[in-house]
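To start, the structure under review is shown below, and the notes come after it.
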Amino acid sequence: MNYAFLIMGDYSPLRDRASMAGESVRMIGVSGLEEACRVAGELAAEEIDCIELCGAFGEKGARKVIEAAGGKIPVGYV
């Protein structure tokens, strides 16, 4: 299984990322919802199995990320 956790704040997904267990577990920082949606689409294309979102996204943000991932993978939020 491959997982990603997206955190929102003063981050850049190019600079602010970490991996564990090779690339199986990833933490990626994004600056806002638009960027998170772009990253979610990329992760879905890479066949990630699950995306978890930090609490900053809320329900509305989570719905947008789910749409951006094409509804292909589970997306959870705190």
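Listing for the model above:
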{"quantity": "Scope segment 10-22; condition on the phi < 0 side of the Ramachandran plot and exposed (fewer than 15 other Cβ atoms within 10 Å of the Cβ); matching residues", "calculated": "D10, S12, L14, R15, A18, S19, M20"}
{"quantity": "Neighbours by Cβ (under 6 Å, 6+ apart or cross-chain): first from segment 1-27, within 15 Å of G76 (Cβ to Cβ); second small (G, A, S) and assigned to a loop (DSSP other than H, G, I, E, B)", "calculated": "N2/S24; M8/A56"}
{"quantity": "Residue check, I48 surrounded by 14 or more Cβ atoms within 10 Å (Cβ to Cβ), part of a loop (DSSP other than H, G, I, E, B) and of a type outside the set (F, W, Y)", "calculated": "yes"}
{"quantity": "Matching residues in segment 22-42 - criterion: being closer than 9 Å to N2 by Cβ and at pLDDT 95 or above", "calculated": "V25, R26"}
{"quantity": "G55 open to solvent by less than 60 Å² (accessible area, probe 1.4 Å) and in contact with a Phe, Trp or Tyr (Cβ under 6 Å, 6 or more places away or on another chain)", "calculated": "no"}
{"quantity": "Failed item in (1) at positive phi; (2) without any contact (Cβ under 8 Å) to a residue 40 or more places away in the chain, with E47 passing the rest", "calculated": "(2)"}
{"quantity": "The lone exception for V65 - which of (1) in a strand (DSSP E or B); (2) in contact (Cβ under 8 Å) with a residue 40 or more places away in the chain it fails", "calculated": "(1)"}
{"quantity": "Considering residues of segment 23-45 that are among the β-branched types (V, I, T) and open to solvent by less than 40 Å² (accessible area, probe 1.4 Å) only, the residue farthest from the chain's Cα centre (by Cα)", "calculated": "V30"}
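The values are calculated or read from the model by the stated rules, or taken from the named source; none is laboratory data. Since the structure is predicted, the reported quantities are computational estimates derived from the model, not experimental observations. As a convention, Cβ positions derive from the backbone with ideal geometry for all residues, glycine included, and neighbour counts pool all protein chains shown. Heads up: the accessible areas ignore ligands, DNA and RNA and are worked out on the full protein's heavy atoms, side chains in. Shrake-Rupley method; radii C 1.70, N 1.55, O 1.52, S 1.80 Å.
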